[in-house]
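Quick notes on the structure that follows.
The values are calculated or read from the model by the stated rules, or taken from the named source; none is laboratory data. Given the structure is predicted, the values throughout are model-derived calculations rather than measurements. Cβ placement follows ideal geometry from the backbone for every residue including glycine, while neighbour counts extend to all protein chains displayed.
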Amino acid sequence: MSRKNERIEHLVEIIKNNNVGSQEEILKMLAEKGIFVTQATLSRDLKMLKTTKVPLDHGAYAYMLPDASTARVNFGLKKTTEFARHASNGFISLEFSNNIGVMLTRNGYASGIAYDIDMLNAPEIVGTIAGANTVFIVLREGVTHDKATELLSMILPLKTH
């Protein structure tokens, strides 16, 4: 495995398993694993992984990955049971009321999921609004809930008919 892939794999592991709120914390954790990089390299890696900083329940902030399975596919990271377990992006549930979908997620995951939905560029979806653990999905008039579920199942573990 290349050094970059090894570094990215450790970076993903650190972000998934810890509430790290600063690049300094991440650099220290990487160094503890024998990986020494500059802050600029780390910053580029975080941007490449499309991490976001999200608020936690107690007022602090932490880096979050929008989709661990995307990181594995795009950056050649090894497939593990841990990745498979987290591939659901923190998704909990989805309900519809007319042309609005209300999705509940684990705390801190909503913005990553909203981003993934927006990146579908589906004409059936007008847009999303994300909180800490809720995503509002606005559907175009006339789009059925089944069609919306089918679209969202492309990125989320939803059962379709």
For this session: Could you list, in sequence order, all residues of the stretch 64-79 that are at pLDDT below 80, surrounded by 13 or more Cβ atoms within 10 Å (Cβ to Cβ) and not in a helix (DSSP H, G or I)?
Result: Pro66, Asp67, Gly76, Leu77
Problem set entry | Meets criteria (crowded, with 20+ Cβ neighbours inside 10 Å, over 21 Å from Ile26 (Cα atoms) and at pLDDT 90 or above) for Ala148 | yes
For this session: From the list Leu120, Leu104, pick out the single residue that is surrounded by 13 or more Cβ atoms within 10 Å (Cβ to Cβ), modelled with pLDDT under 90 and not assigned by TED's automatic domain parsing to the domain that holds His10.
Result: Leu120
